[in-house]
Amino acid sequence: MNLAGLDFGAVNDGSYIIGNAVTPPVNQIPHFTKQGANVIRVNFAWPYIQSKLNGELNKTSLDNLRGIVDAVLENGAYAILDLHSYARFDRKIVGESDIKAEALVDVWRRLAKSFPQKDVLYGITNEPHDLKMETWADTMKTIVTELRKDGVTNIILIPGNEFTSLQAFPKWYPFLKDITNPDGSTDNLIFEAHRYLDVDNSGTHTECTASNVADVEEALKILQKDGRQLILAETGEIRVDLHSKPLNPQNPIQ
C-alpha cells in the first residue's frame, strides 16, 4: 500500500508547489498490516527532503519521514522510500540536462545513511516519463554502482519509462535489464512497475475495464527468462463495494 501526503506538491513536470505536503497519520498503519499488508510505500517529494541539489537533507522533513518509516517497521512491514520526482528536479530531467546522475546519487547517499535498516527499500524515483532510455539506463547504472560501492546492500527499485508502466514494461525493460551490482550479481535489484485497472492506466476513471492479465503474463515471461524480479508498486481500482473482481487476476505477479 502507499502512504501519500509528503509527495503532495510534486508535479510530474518536475516542478514543486511548496506547502502542499501533508503528513499521513501513522495510526492507520496497523489497520492495514493486520489485514496482511507487508510492504508500505512512503511517498515524499525530492524538494521536500532536499530543497537544494547536493545540499543537506531538511532536518524537519527528515525527522517527519523517519517517524513514518519507524512506524511501518515497528508494525512488521517493509518500507519503500519513494522519492516522488518523475526523474526530474526543477523541471529538468536527470541525466538529460545540467542535473546529472550524481544529483540522484547524492540524495540517495544521504537517505541511505539515515535509513540503513535492511527492511527499507530504496525507490529511486517515482514514475519517470518521456525519457531517452539509453541515458536513463546510464543514470540508473551510475546510481546502483555508487551506492553499492558505498556498502549499501538494501533493495534498490529500478523504474522504467512511461510512468514506469507495466503495460510498457516490454519496451523499457530491454534498456535496463543489464543493470547489475558491481560484482555482476543482481541481488537486491528489483524492477518497479505501476498498473491501474481503468482504461488508460491513470487510476482516475470510475470504471475498471482492464484486468491486466496479459500485461502480467508478458512481464512474468520476460522476468523468468532473465531470472529477474519486479514489484508492482502501484495498482488500484475504485471502491471495492462497487467493483471488486478485476484486482485478483494480478495475483500471479506476486
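Only the coordinates and a few stated rules stand behind these numbers; no lab work does. Just so it is clear, the structure is predicted and the values come from calculations on it, not from any experiment. Heads up, the Cβs are rebuilt from the backbone with ideal geometry, glycines too, and the neighbour counts pull from every protein chain shown.
General remarks:
- Among beta bridges that DSSP assigns inside the range 2-253, antiparallel share in %, nearest 5: 10
- Taking amide hydrogens as placed 1.01 Å from N in the peptide plane, the amide H of Arg41 sits under 5 Å from those of Asn2, Leu3, Ile80, each at least 5 positions away in sequence or on another chain.
- Label-point separation in nm, Ala214 to Val11, each point 7 Å along Cα→Cβ: 3.6
- Asp70 versus Ala4: modelled label distance in nm, points set 7 Å from Cα along the beta carbon direction: 2.7
- Taking Glu56, Glu218 and counting other C-beta atoms within 10 Å, the order from fewest to most: Glu56, Glu218
- Among Ile179, Ile156, Ile124, the residue with the largest mean-square fluctuation in a Gaussian network model of the chain, with springs joining Cα atoms closer than 10 Å, is Ile179.
- By definition, a body whose alpha carbon gyration tensor gives a ≥ b ≥ c is oblate when a/c is 1.5 or more and a/b is not larger than b/c, and the range 117-170 fits this oblate description.
- Electrostatic tally near Gly14: other residues with Cβ closer than 9 Å to its Cβ, Lys and Arg +1, Asp and Glu -1, net +1.
- The chain - Rg and Dmax from Cα coordinates, angstrom: 17.4, 49
- Counting beta carbons within 10 Å around each of Lys171, Lys92, Lys52 and listing the fewest first gives the order Lys52, Lys171, Lys92.
- Rounded to 0.05, the FRET efficiency of the His31 and Thr142 pair, given R0 = 51 Å and the Cβ-Cβ distance, is 0.85.
- Residues of the range 14-49 falling in the label zone of Glu56, defined by backbone nitrogen less than 17 Å from a point 7 Å along Cα to beta-carbon, are 48-49.
- Label-point separation, Arg91 to Asp150 (7 Å along Cα→Cβ), nm: 3.0
- The range 25-98 shape via C-alpha gyration tensor axes, a/c threshold 1.5: prolate
- Local charge for Asn43 was computed over the other residues whose Cβ lies under 14 Å away, with Lys and Arg +1 and Asp and Glu -1, and equals -4.
- Set of the range 1-34 residues, backbone N closer than 14 Å to the point 7 Å along the Cα-Cβ line of Ile190: 1-2
- Unsatisfied cross-links (Cα-Cα over 22 Å) in the set Lys141/Lys171; Lys177/Lys225; Lys132/Lys221; Lys177/Lys221; Lys59/Lys141; Lys100/Lys141: Lys132/Lys221; Lys59/Lys141
- Positive contributions from Lys and Arg (+1) and negative ones from Asp and Glu (-1), summed over other residues with Cβ under 9 Å from the Cβ of Thr142, come out at -1.
- Taking only the Cα atoms of the range 1-135, the ratio Rg/Rh comes out at 0.97, with Rh defined as the Kirkwood radius.
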